[in-house]
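Written out below as C-alpha cells is the structure these notes cover.
The values are calculated or read from the model by the stated rules, or taken from the named source; none is laboratory data. Predicted, not measured: the structure shown is a model, and the values here were computed from it. Cβ sites come from the backbone with ideal geometry, for glycine too, and all protein chains shown count toward neighbours.
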Amino acid sequence: MTVRLLHRSAAPGAIALLTLAATLSAVPAAHATADRIRLGSSTDVSRTNWSGPAFTMNGDGAVVPASMTRAIDAIRASTGTLDVVVLAGSASSSGSPTPECDAVMALPGVNSCTSWTVTSAADAGNAQLNADVRNAEFVYFAGGDQCRYAAWKGTPLQASVQSVVAKGGGSGGGSAGTHINSSLVYDACQGSAASPDALADPYEQAVSFTAGMFNWPNYANTINDSHFVTRDRMGRTMAFVARAIQDGLTTNGAAWGVGVEQGGGSLFIDKNGLATEYGQNAYVVLGDHQPEQAVSGRPLTFSNYKIWRLAPGSTYDFKNRPACGYYRRGVTNGVADANLYDGTPESCGTSGGSALSESEPNDSRSTANDATALTSPMTLTGSMNSPSDRDYYKVSVGSGQTATVRCTIPSAYDADLYFMDSSGSTLTRSVNSGAGVAESLSYTRTASGAGTYYVDVEAYSGSSTAPYTCTVTKN
C-alpha cells in the first residue's frame, strides 16, 4: 500500500506533498493495490454527536457543491467540521489523482478528505482503510464500476460504511457511486444494460443485481440509476423495477426506480427521508403491481408505471411515499410509451379522472357506494376500520370494455380485492399475502350493453384508519 499525505496550508492553493515510502505496519504487505491520499488536517475530528444521516445521489461522478454542502451542514448541524472519505475502485483519469477530494476541500465545514483507491476486493479488509472510514462522517463513492463496489459486500469495509451512517454521518456518490447507495443495486457485473435490450428481455444477461449491500433509512425498495436522460435509461429502469417485483427482490410488491440526470444533477436526502433535487432533473419510477409479462426471453409488458419528474428545487418524500403527483407510462411487448421523460401530473386526490371516498355503511352490495357516474380513471379511497370490514363500490362496465382495478394498501393491514357481478358472484379476485401488499385485477365484459359490477375491498388481517387507494380504469 502506498501512503501519501497532502496538507493544505493556510495560504490559498499552497499544497505541500509529502511522500511516505514506509508501509504502515498495521497493513499486510499483500495489500499493495490500496492507495491513500489525504488532504487537509492529518488529525480526525473528535465529536460525540452528529446530526445526520444525510445522502447525496449524483447523476455523474463529480461532486455537486450545493448538495454536498447541504449534506455537510446537516451532519455537523452547521457547527464545527467533519472528515470525508472518498472510495474509488480505479485510479482517477483526470489531471488530479483526487478530483472528488479537491472539490470537497473547497467547501466550508470540512476538516479533511482522504481518497482511497481500492482495486482489489481483498483490500476491503485493510486496517488503515477501515479506520479512516469509521473515523469519517461522510463516505463518497466515486464514479467508475459499481461491480467493484458490490464485491465489498460482506467485508469489513461494508460494515465500516454502515457505521458512518449509523452514527449520524452520511453516504453518497456519483454514477457508479449512486448505484451502490440504493437498497437494490444494479451491479453491471455482466455488462452495461441498454434500455432497448432490457425492455426486449428483462432477464437478459446484463440485467444483474446485488441485494443487501446498503439499506439506508427511509430508502427501502429503491434501485438507483444515473446519466439518466442523456443515456436514455428510463426504459432499463422500468425493466429493473419489473424484475425487482417479479423476483421478490423488494418488499410489499412494489419497487421505486430513482434516476438522476448528469451535468450537475444531485438528489439530496435528509434524515427524515425528504429528498430535494439540485442542478438537473431526477425521476422516481414506481411499479406497484405485478408485471403483466416479465419472463426470460420475452419482451416486457408492464402497465401504469407512476413517474414523478423532479425539477431542480422540487422534493420527494421517501419516508411517506406520495400517492399522487405522478404521470403514467407503460411498456407493451417491449415497446415503451412515448414521452417517457415528461407528462402532466395527475392531481392529488383525483388521479386525473374523478374520485370517491367511501361512506359507511358500505359493507354489502345493497349499501355500496355508487361510482357509476365517475369518469375513468377513477380513484376510490377508504380504510379497513375493523378486521372484518368490507367496502363495496358499484361501477359500470360497457360491452367490450376491460375494467382494471389496482389498489395500494397501507402497511397497517392486509386487504384483498374482489370483482363481482350484479348477483354477487365473484368474477375475479386478487388475494396477495402480506400487510401493505398491493392488489390488482382485470375483467373484460363481453356481453352487449353496459353491466353493473361491484368492487369489494375486504380486510384479511389487521385494521387501521390508514387509507387504501384503488384506481379503476376502463379501456
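Observations on the structure shown:
- Output for the stretch 76-91, where each listed residue is buried (at least 19 other Cβ atoms within 10 Å of the Cβ) and either more than 27 Å from Trp152 (Cα to Cα) or out of contact with any strand residue (DSSP E or B) (no Cβ under 8 Å at 6 or more places or on another chain) (or both): Arg76
- Within the stretch 192-287, strands (runs of 3 or more DSSP E) holding 3 or more residues that are under 30 Å from Lys167 (Cβ atoms): 209-211, 222-225, 255-260, 266-269, 274-278
- Residue count for the stretch 78-115, restricted to those that are in contact with a Ser or Thr (Cβ under 8 Å, 6 or more places away or on another chain), among the small types (Gly, Ala, Ser) and at pLDDT 95 or above: 4
- Residue within the stretch 444-460 that is aromatic (Phe, Trp, Tyr), within 23 Å of Tyr305 (Cβ to Cβ), out of contact with any helix residue (DSSP H, G or I) (no Cβ under 9 Å at 6 or more places or on another chain) and surrounded by 14 or more Cβ atoms within 10 Å (Cβ to Cβ) present: no
- As a summary of the residue check, Gly235 satisfies the conditions (1) small (Gly, Ala, Ser); (2) out of contact with any helix residue (DSSP H, G or I) (no Cβ under 6 Å at 6 or more places or on another chain); (3) in contact (Cβ under 8 Å) with a residue 40 or more places away in the chain except for the one numbered (2).
- Restricting the stretch 149-161 to residues that are in contact with a strand residue (DSSP E or B) (Cβ under 8 Å, 6 or more places away or on another chain), in a helix (DSSP H, G or I) and not hydroxyl-bearing (Ser, Thr, Tyr), the residue that is surrounded by the most Cβ atoms within 10 Å (Cβ to Cβ): Val161
- Odd one out for Asn49, checked against (1) crowded, with 16+ Cβ neighbours inside 10 Å; (2) over 30 Å from Phe228 (Cβ atoms); (3) not hydrophobic (A, V, I, L, M, F, W, C): (1)
- Scope the stretch 279-320; condition surrounded by fewer than 18 Cβ atoms within 10 Å (Cβ to Cβ), touching a residue at least 60 places away in the same chain (Cβ under 8 Å) and closer than 21 Å to Val260 by Cβ; matching residues: Lys319
- Residue count, the stretch 110-138 (criterion: of a type in the set (S, T, N, Q) and either under 27 Å from the mean Cα position of the chain (by Cα) or over 17 Å from Thr43 (Cβ atoms) (or both)): 6
- Checked against the criterion of being farther than 17 Å from Asp317 by Cβ and at pLDDT 95 or above, the candidates Gly257, Gly264, Gly253 yield just one match: Gly264.
- Where a residue in the stretch 88-117 is part of a helix (DSSP H, G or I) and its partner, wherever it lies, is small (Gly, Ala, Ser), with Cβ under 6 Å and at least six apart: Pro99/Ser92; Glu100/Ala142; Cys101/Ser115; Asp102/Ser96; Met105/Gly40
- Selection count, the stretch 277-305, where residues are at pLDDT 95 or above and within 17 Å of the chain's Cα centre (by Cα): 10
- Complete set of residues in the stretch 65-81 that are outside any helix (DSSP H, G or I), touching a Gly at 6+ places or on another chain (Cβ under 8 Å) and farther than 17 Å from Asp102 by Cα: Ser78, Gly80
- Considered as a group, the residues in the stretch 45-67 that are without any contact (Cβ under 8 Å) to a residue 60 or more places away in the chain and not β-branched (Val, Ile, Thr) include one that is farthest from Gly273 (Cα to Cα), and that residue is Ser46.
- Condition met for Gly235 (surrounded by fewer than 18 Cβ atoms within 10 Å (Cβ to Cβ) and among the small types (Gly, Ala, Ser)): no
Residue-wise test of (1) buried (at least 17 other Cβ atoms within 10 Å of the Cβ); (2) within 32 Å of the chain's Cα centre (by Cα); (3) assigned to a loop (DSSP other than H, G, I, E, B); (4) at pLDDT below 90.
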{"position": "Leu340", "(1), (2), (3), (4)": "yes, yes, yes, no"}
{"position": "Gly349", "(1), (2), (3), (4)": "no, yes, yes, yes"}
{"position": "Gly352", "(1), (2), (3), (4)": "yes, yes, yes, yes"}
{"position": "Leu356", "(1), (2), (3), (4)": "yes, yes, no, yes"}
{"position": "Gly382", "(1), (2), (3), (4)": "yes, yes, no, no"}
{"position": "Ser386", "(1), (2), (3), (4)": "no, no, yes, no"}
{"position": "Tyr392", "(1), (2), (3), (4)": "yes, no, no, no"}
{"position": "Ser396", "(1), (2), (3), (4)": "yes, no, no, no"}
